[in-house]
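Notes follow once the structure below has been shown.
The values are calculated or read from the model by the stated rules, or taken from the named source; none is laboratory data. Please read all numbers here as calculations on a predicted model, not as lab measurements. Neighbour counts run over all protein chains shown; Cβ positions are idealised from the backbone, glycine included. Quick note on the areas: whole protein, heavy atoms, side chains included, nothing else; ligands and nucleic acids left out. Shrake-Rupley method; radii C 1.70, N 1.55, O 1.52, S 1.80 Å.
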Amino acid sequence: MSKTFLTHLKCSRCSAVHSAGQLQNLCSCGAPLLACYDLAGAARTFTRESLRGRRRDLWRYQEVLPGSADAAVTLGEGGTPLLPLKRLGERHGCPHLYLKDESFNPTGTFKARGMAAAVTQARALGARKLAVPTAGNAGGALAAYASRAGLEAYVLMPKDAPPANQLEVRAHGANLILVDGLIGDCGRLLAERKEKEGWFDVSTLKEPYRIEGKKTLGYEFYEQLGGRLPDAIFYPTGGGVGLIGMWKAFEEMETLGWIGSERPKMISVQASGCAPIVRAFEQHKPESEPWKDAVTIAAGLRVPKALGDFLVLDAIYRSGGAAVATTDDEILAGVRTLARLEGIFACPEGGAVIAALPKLLECGVLKGEDTMILFNTGTAMKYLDVLARAFDVVSKD
Ligand SMILES: *Cc1c(COP(=O)(O)O)cnc(C)c1O
């Protein structure tokens, strides 16, 4: 039986050490905390071979996850397919193109991975009421996992967030608080109220374990590629949790002796209506500036200023990657292409990475021969309102 090798938490900026035995939010310096493991201890039994025959969901990586898989709040998250994109690959001259299709997750998006780990740990450490500011999908996932855990959830969402997200929050019996503003405004309101309300804040990067759930993306495709990493990863970036998580997973894998020092090029894809990481990348800055008047149909990318922007940019720079923006029209064309060429009906965030691919090939950052993994982070079914408009489906009433 495997167990966690979690030892402590460490600040991502000032390296201060914090206990993993109690509820934690940010470091006193204001930066996110990262979970640390006894990887030398874990390496004795945690090998690629040892994973054979384990459960299929993300708790198969128990040694490098918090809590205990037996006590996990789980809905079967993770274990999603890595699908070869043959027809799209032929169109672009890319014979080694893959889609990691995260629409298979509970609640229809990869937010399930992070929330499974965060809710598991929050409950184990005694939290009763969980609160999150969200562009949409994180709120839906929190509502589902909190209900599974028997905890209360408070979800603060822009009032123009996708109707599907508002609906699922209500369906799971969580408290939906609609805010006239964007995710940052929701976050400010949460910060004002949390002490009085007794909420534990599970905002993106403000607690340490959503990253841990999302880093399993990296462990999964390493296994799915037969024990190696791709040359490039295309990640639709809002708060950047998955990108930071995968980067952390690679470091852990190197310490475990699974890989060497090579890293995939990390490609951050944003929407041109909200592209703070892209702008910072183009100006070679270590941090982003808040994006004004953020608008895009890709709700998950509508994050004007990410708390972990410096970690996202660091991974991009150190990997020789890039950050690119795609317009909403390009995003919709990407959704259409994937649906028509490959039979996959992706969310707009997934459409964005499809649109980004030819841009990266044209500018020479990537070669057609490279092994590339594109992320579809959720199902189109959560965006029927915007997609219906784009595909000329008019309701007849
Ligand atoms: C949240 C979300 C993203 C962005 O993920 P981050 O890890 O916050 O960058 C992308 N796509 C979908 C569907 C999302 O819900």
- prompt: Among the candidates Pro236, Pro158, Pro163, Pro208, which residue alone is touching an Asp or Glu at 6+ places or on another chain (Cβ under 8 Å) and at pLDDT 95 or above?
  reply: Pro236
task: Confirm whether Ala294 is farther than 13 Å from Leu243 by Cβ and hydrophobic (A, V, I, L, M, F, W, C).
output: yes
- prompt: Out of segment 284-322, which residues are small (Gly, Ala, Ser) and within 15 Å of the ligand (Cβ to nearest atom)?
  reply: Ser288, Ala294, Ala298, Ala299, Gly300, Ala306, Gly308, Ala315, Gly321
task: Could you tell me which numbered condition Asn137 fails, if it satisfies all but one of (1) within 30 Å of His18 (Cα to Cα); (2) open to solvent by 10 Å² or more (accessible area, probe 1.4 Å); (3) away from the ligand (no atom under 16 Å from the Cβ)?
output: (3)
- prompt: Can Val353 be described as under 20 Å from the mean Cα position of the chain (by Cα), open to solvent by 20 Å² or more (accessible area, probe 1.4 Å) and closer than 30 Å to Glu262 by Cα?
  reply: no
query: Which members of segment 90-112 meet the condition of being near the ligand (Cβ under 10 Å from one of its atoms) and of a type in the set (Ser, Thr, Tyr)?
result: Ser103, Thr107, Thr109
field: Contacts under 9 angstrom Cβ, first residue in segment 253-268 being hydroxyl-bearing (Ser, Thr, Tyr), partner in a loop (DSSP other than H, G, I, E, B), 6 or more apart
entry: Ser268/Thr237; Ser268/Gly240; Ser268/Gly321
Of all residues making up segment 356-372, the number that are open to solvent by less than 50 Å² (accessible area, probe 1.4 Å) and assigned to a helix (DSSP H, G or I): 5
message: Looking at segment 199-212, can you tell me whether even one residue there is surrounded by fewer than 22 Cβ atoms within 10 Å (Cβ to Cβ), polar (S, T, N, Q) and either assigned to a strand (DSSP E or B) or on the phi < 0 side of the Ramachandran plot (or both)?
response: no
- request: Taking the residues in segment 202-241 that are hydroxyl-bearing (Ser, Thr, Tyr) and more than 9 Å from the ligand (Cβ to nearest atom) as candidates, determine which candidate is nearest to Ala298 (Cα to Cα).
  value: Ser203
Helices (runs of 4 or more DSSP H) contained entirely in segment 239-335, each with at least 2 residues that are crowded, with 20+ Cβ neighbours inside 10 Å and within 15 Å of the chain's Cα centre (by Cα): 241-256, 309-319
field: Of residues in segment 113-134 being in contact (Cβ under 8 Å) with a residue 60 or more places away in the chain and within 16 Å of the ligand (Cβ to nearest atom), the one farthest from Gly198 (Cα to Cα)
entry: Arg113
- request: For Gly218, state whether it is out of contact with any Ser or Thr (no Cβ under 7 Å at 6 or more places or on another chain) and closer than 20 Å to Asn105 by Cα.
  value: yes
